[in-house]
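Participant: Let me begin by handing over the structure; questions about it come next.
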Amino acid sequence: MGERITGHTLLIGLLATPIRHSLSPKMHNESFAKLGLDYAYLAFEVGNEELEGAVQGIRSLGLRGANISMPNKQAIIPYLDELTPAAKLIGAVNTVINKDGLGYLVGDVTDGTGAMQALRDEEVDVRDQTITITGAGGAATAIAIQAALDGAKEFHLFNRKDALFANVVETAEKINQHTKATAIVYDLADQESFKEAVQKSSIYVDATGVGMKPLENLSLINDAELIHEDLVVFDVVYSPRETKLLTFAKEHGAKKTINGLGMMLHQGAESFKQFTGEDMPVDYIRELLF
Ligand code: NAD
C-alpha cells in the first residue's frame with residue numbers, strides 16, 4: 001500500500017479504543033486499492049479524553065472523514081456541526097464526513113442501515129414484522145430504530161436491569177413517538193414475557209454481544225420452545241461466526257440464522273460510499289476478509 005501513497009492521498013480515520021483488532025482499516029484500504037482511489041484509512045487509539053482534540057484534528061488536517069467506534073459514538077456528538085436525522089434519532093454517530101475537507105463535520109450512523117442491508121441480503125424484510133430484540137447499547141438502538149423507520153410493526157425490547165436499561169426505555173419512547181411502530185420494554189429477568197414475545201415474533205435479534213468472548217459459552221435462549229419455523233435469528237456477533245445462540249436456533253428448526261458479518265460489512269460499505277462517493281466492492285471484500 002505504501003507505493004500508492006502520495007502527497008495527494010486523502011486520509012480517513014477511525015477513532016476508538018481499543019481498536020487495533022478492527023477489520024475496518026483492512027476493509028477500507030483493500031477497497032481503495034481495488035478501485036484505484038487515492039485514499040488511506042488509519043486507526044487512531046482515541047478515547048473520550050482525547051476526542052475533542054482529535055475532532056479538531058480532523059478539521060485542521062483536512063481528513064475527509066472518520067469512523068467512530070466505542071467509547072466515542074455518543075461522546076462525539078457535541079463536537080460536530082450537524083447530525084443526519086437517523087443519527088439524531090438514534091443518538092449515536094459511527095461516520096463523520098468532512099465535506100470537501102472544509103471543516104464542517106456531519107455525523108451519521110450506518111449501523112442500523114447496515115444491519116437492514118444484511119437482513120435484505122438474506123431475503124429478510126422487516127416491513128410489518130414483529131421483532132424481539134435483546135440489548136440496549138449502540139447496536140440494539142441502531143437496529144431497533146432503523147427497523148422501525150423501515151416499517152417494522154411491533155417491537156418487544158428486553159434488557160437486564162443494568163445501567164443501560166434507561167436507554168432501552170428511551171428507544172421505545174422514540175419508536176412510539178417518531179415512527180408508526182409500537183414498542184414495549186421488559187426486564188430480561190421476566191422470562192415468561194421473553195418466551196411469549198419470541199414465540200410471536202418473526203425476527204429475534206440478539207444485540208448484546210453475549211456469545212462473543214469471554215461469553216462464548218452463553219446464549220440468552222436455551223429453551224427450544226422459543227424457536228419456531230417462522231423465526232429468523234440474527235446475532236450481531238461475528239466472532240465466532242456461529243455463536244451458541246445460532247447453533248441452538250439452527251438445531252431447533254429456526255427459519256434462518258444470520259451472524260454479524262453482513263452488518264459489519266454493510267455499515268462499512270455505507271460509510272465508504274459517503275467518504276468516496278463510490279460503492280465498496282462488497283463481494284470482493286467479503287471474499288477477502290470474511
Ligand atoms: P454495549 O456495551 O453498549 O451494550 C451491550 C448490551 O448487552 C447492554 O444492553 C447490556 O445490558 C447487554 N448485556 C451485556 N452482557 C449481558 C449478559 N450477560 N446478559 C444479558 N445482557 C447483557 O455494546 P454495543 O456497542 O451495543 O455492542 C453490542 C455487541 O454488538 C458487541 O458484541 C459488538 O461487538 C456488536 N456489534 C456488532 C456490529 C456489527 O457490525 N456486526 C456493530 C456494532 C456492534
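Participant: Please determine, by comparing only the residues of segment 125-141 that are among the aliphatic types (A, V, I, L, M) and under 16 Å from Ile258 (Cβ atoms), which one is surrounded by the most Cβ atoms within 10 Å (Cβ to Cβ). Don't jump to the end; show me each part of the working.
Facilitator: So the first thing to find is which residues in segment 125-141 are among the aliphatic types (A, V, I, L, M), and the list is 126, 131, 133, 136, 139-140.
Imposing the further condition that a residue be under 16 Å from Ile258 (Cβ atoms) reduces the set to 126, 131, 133, 139-140.
Numbers: Val126: 23, Ile131: 25, Ile133: 28, Ala139: 24, Ala140: 26.
This residue is Ile133.
Participant: Can you find, within segment 264-290, the residue that is surrounded by the fewest Cβ atoms within 10 Å (Cβ to Cβ) among those that are part of a loop (DSSP other than H, G, I, E, B) and within 16 Å of the ligand (Cβ to nearest atom)? If you could, list the steps in order and put the result at the bottom.
Facilitator: Going residue by residue through segment 264-290, those that are part of a loop (DSSP other than H, G, I, E, B) are 277-281, 290.
Cutting the leftovers down to within 16 Å of the ligand (Cβ to nearest atom) gives us 280, 290.
On the way: Met280: 24, Phe290: 14.
The extreme case among them is Phe290.
Participant: Follow-up question, since we're still on this one. Can you give me the ranges of the strands (runs of 3 or more DSSP E) entirely in segment 33-147 with at least 2 residues that are more than 14 Å from the ligand (Cβ to nearest atom) and over 28 Å from Asp206 (Cβ atoms)?
Facilitator: 39-45, 65-68, 95-98, 105-108
Participant: Now, a different point. Looking at Leu245, Leu261, which one is more than 10 Å from the ligand (Cβ to nearest atom) and either aromatic (Phe, Trp, Tyr) or open to solvent by less than 60 Å² (accessible area, probe 1.4 Å) (or both)?
Facilitator: The conditions single out Leu245.
Participant: Something else about it: Based on what the data block shows, is Leu80 among the aliphatic types (A, V, I, L, M) and closer than 30 Å to Ile175 by Cα?
Facilitator: When the stated conditions are applied, Leu80 passes them.
Participant: While we're looking at this one, here's another question. Only one residue in Ser201, Ser271 is of a type in the set (Gly, Ala, Ser) and under 18 Å from the mean Cα position of the chain (by Cα). Which one?
Facilitator: Testing whether each residue is of a type in the set (Gly, Ala, Ser) and under 18 Å from the mean Cα position of the chain (by Cα) leaves just Ser271.
The values are calculated or read from the model by the stated rules, or taken from the named source; none is laboratory data. Just so we're clear, the structure is a prediction, and the values are computed from it rather than from any experiment. Cβ sites come from the backbone with ideal geometry, for glycine too, and all protein chains shown count toward neighbours. Calculation scope for accessible area: heavy atoms of the full protein, side chains included, ligands and nucleic acids excluded. Shrake-Rupley method; radii C 1.70, N 1.55, O 1.52, S 1.80 Å.
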